[in-house]
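K.L.:
Dropping a structure here in structure tokens format, bear with me for questions.
The values are calculated or read from the model by the stated rules, or taken from the named source; none is laboratory data. Nothing here was measured: the structure is a model prediction, and the numbers come from that model. Heads up, the Cβs are rebuilt from the backbone with ideal geometry, glycines too, and the neighbour counts pull from every protein chain shown. For accessibility, only protein heavy atoms count, side chains too; no ligands or nucleic acids. Shrake-Rupley method; radii C 1.70, N 1.55, O 1.52, S 1.80 Å.
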Amino acid sequence: MQFLKSLYIHNTFFRYIAFLAACFVISYWVPMLYPIAWLLTFVLLALFLFDLYLLYTSGNCIDAERSLPNKLSNSDLNPVKIKFTSKYPFKVHLSLIDELPVQFQKRDFEHRTSLSKNEKVEFEYSVRPVDRGEYLFGNLILFASSFLKIIKRKYVFQKDQMVPVYPSIVQMQQYDFLAFSNNLTQFGLKKIRRIGHTQEFEQIKEYVQGDDFRTINWKATAKNINLMVNQYQDEKSQPIFSIIDTGRVMKMPFNGLKLLDYAINSTLAFSNVALKRNDKTGMIAFSKNIETYVPAVQKITHLNTILEQLYNIDTDFTDADFGLLYAHIKRKVTHRSLLLLYTNFEHISALRRQLPFLLAIAKKHVLVVIFFENTELEELIAQDAEDLQTIYHKTIAEKFSLEKRLMQKELQQYGIQTILTKPENLTINTINKYLEIKARGML
């Protein structure tokens with residue numbers, strides 16, 4: 001029974017059958033072809049049995065192994081490696097079918113290759129998940145055929161491999177390197193001109209050209225021949241919270257990824273940078289209720305706590321309660337902190353409904369409201385208007401785009417920091433704003 005389950009007929013065999021059928025049909029008018037048709041039939045039967053012998057008498061001669069990462073990174077290309085080994089004493093042709101998780105909605109995955117005697121081959125492909133959660137890889141199926149290509153033998157390996165998809169670990173590692181290198185402009189990160197200095201003293205050093213005259217330490221200078229200046233460093237251990245709105249406004253997808261997942265990926269990358277710069281980092285997720293609260297902690301191991309909490313965050317279709325958020329911050333966040341609020345406003349009226357709560361939060365903390373440009377509207381605006389309907393659509397799109405910029409200006413008028421960004425540039429712009437606030441000593 002197991003033998004029959006693994007036996008498949010190759011497409012080439014059906015071509016042979018069609019050819020034989022044609023020979024028998026023609027032999028009706030040309031009788032001399034009749035014995036030739038029967039001879040070809042016996043030859044095909046012999047080849048079928050010989051192919052069967054080649055593929056089955058040596059036992060299990062194909063080994064395959066699928067290698068998956070412990071965690072997949074959301075919105076990034078993740079490598080999947082498959083290793084083949086052939087123990088057949090002849091060259092074998094392989095057809096690989098990997099049963100990908102249902103989330104990818106891909107049912108036509110196939111890879112073809114061939115292996116010589118005792119040859120080992122490694123094949124790699126990439127998958128890009130756009131949702132967090134558990135992904136189930138099904139069977140790894142191989143069909144082996146000999147040079148005759150009459151039958152195929154089916155091999156099945158590694159059924160049901162489960163792997164979790166976490167927020168973008170790749171993006172976190174990428175900006176972990178960039179934030180502490182001299183190549184900050186490579187991905188749009190700007191160097192911020194320091195207007196003043198913070199009040200955390202580091203050391204007294206000898207004056208060099210370019211130092212601020214206002215930092216000259218006259219007492220130390222009196223004891224030395226050369227001018228001495230005080231050197232300051234950025235204040236550390238400052239509490240910073242990433243606040244994620246998980247309401248319905250964050251359900252909107254761009255390039256297959258929800259705004260919520262853009263915010264989650266940004267939170268992870270930014271938290272890693274802030275912790276490496278010795279600041280305290282925490283997180284709040286809210287909608288109709290406060291769903292997640294992680295207090296601000298300075299330990300680098302705290303990033304694992306944030307990662308696990310981000311993994312479980314999901315959005316729903318309820319409206320976010322900013323009044324509840326204000327009450328929670330007033331009760332839990334007692335020290336002046338930097339609050340990065342990831343949300344979205346499509347209409348200025350929606351912003352004005354929440355503005356009193358935002359102003360109340362900004363009285364005690366440095367609040368940065370982060371919301372998103374609608375990139376699809378920008379594409380519509382860039383199109384040429386060729387008819388009345390297109391003109392109408394462009395006008396409406398320009399109105400919505402203008403409202404976004406008006407919302408940004410209105411928040412800035414009240415002293416609230418803002419980031420209006422394209423979803424794909426969210427992480428870059430968030431780190432930029434953090435570096436700017438630290439450089440200006442605003443916290």
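K.L.:
Could you state the per residue volume, in Å³, of the convex hull enclosing the Cα atoms of the stretch 325-443?
P.N.:
107
K.L.:
Counting Lys and Arg as +1 and Asp and Glu as -1, each charge on the Cβ, what is the dipole of the chain about the Cα centre in debye, to the nearest 20?
P.N.:
That gives the chain a dipole magnitude of about 1020 debye.
K.L.:
Simple spin-label model, 7 Å along Cα-to-Cβ: residue 203 to residue 90 in nm?
P.N.:
Spacing of the two 7 Å Cα→Cβ label points: 7.6 nm.
K.L.:
Using unit Cβ charges (K, R positive; D, E negative) and no other charged atoms, how large, in debye to the nearest 20, is the dipole of the stretch 271-411 about its Cα centre?
P.N.:
1400
K.L.:
Show log10 I(q)/I(0) for the stretch 377-418 at q = 0.15, 0.32 Å⁻¹, two decimals, from a solvent-free Debye sum over equal Cα scatterers.
P.N.:
-0.45, -1.00
K.L.:
To the nearest 0.05, how large is the calculated FRET efficiency for residue 420 and residue 385 if R₀ is 35 Å and r is the Cβ-Cβ distance?
P.N.:
0.90
K.L.:
Taking the stretch 262-324 on its own, what percent of its Cα-Cα pair distances exceed 18 Å?
P.N.:
Counting every Cα pair in the stretch 262-324, those more than 18 Å apart make up 37 percent.
K.L.:
Going Cα to Cα from residue 81, which lysines come in below 21 Å? Please leave out same-chain ones fewer than 8 positions away.
P.N.:
71, 106, 120, 154, 159
K.L.:
In whole Å, how far is the Cα centre of the stretch 4-45 from that of the stretch 312-336?
P.N.:
First find each Cα centre; the distance between them is then 75 Å.
K.L.:
Taking 7 Å along the Cα-to-C-beta vector as the label spot, tell me the residue 118-residue 398 distance in nanometres, rounded to one decimal.
P.N.:
7.5
K.L.:
Quick check: convex hull of the Cα atoms in the chain, volume per residue, rounded to a whole Å³?
P.N.:
262
K.L.:
Say R0 is 45 Å: what FRET efficiency, to the nearest 0.05, do residue 213 and residue 67 get from their beta-carbon distance?
P.N.:
After rounding to 0.05, the efficiency reads 0.15.
K.L.:
Would you be so kind as to identify which of 166, 11, 419 lies farthest towards the positive end of the dipole of the chain, taking Lys and Arg as +1 and Asp and Glu as -1 on Cβ and the Cα centre as origin?
P.N.:
Result: 166, furthest along the dipole toward the positive end.
K.L.:
While we're on this one: In whole Å, what are the Cα extents of the stretch 1-135 along the three principal axes, biggest one first?
P.N.:
Principal extents (Cα only, largest first): 68, 32, 28 Å.
K.L.:
What residue among 133, 41, 284 has its Cα farthest toward the positive end of the dipole of the chain, where the charges are +1 on Lys, Arg and -1 on Asp, Glu, each on the Cβ?
P.N.:
Towards the positive end, the residue furthest out is 284.
K.L.:
How high is the FRET efficiency from residue 48 to residue 157, r the C-beta distance, R0 35 Å, rounded to 0.05?
P.N.:
Result of the calculation: an efficiency of 0.85.
K.L.:
To make sure I understand the rule: partners must be lysines, Cα under 27 Å from the Cα of residue 205, and not fewer than 8 residues away in the same chain. Which ones qualify?
P.N.:
191, 219, 223, 236, 276, 438
K.L.:
Sorting 277, 132, 440, 248 by accessible area (1.4 Å probe), largest first, what list results?
P.N.:
So, going from the largest accessible area down, we get 248, 440, 277, 132.
K.L.:
Report the per residue volume, in Å³, of the convex hull enclosing the C-alpha atoms of the stretch 75-115.
P.N.:
About 79 Å³ per residue, rounded to a whole number.
K.L.:
If you take every DSSP beta bridge whose two residues both sit in the chain, what share of them, in percent to the nearest 5, is antiparallel?
P.N.:
Counting DSSP beta bridges with both partners in the chain, the antiparallel share is about 70 percent.
K.L.:
What is the distance, in nm, between label points placed 7 Å from the Cα along the Cα-to-Cβ direction at residue 19 and at residue 299?
P.N.:
7.3
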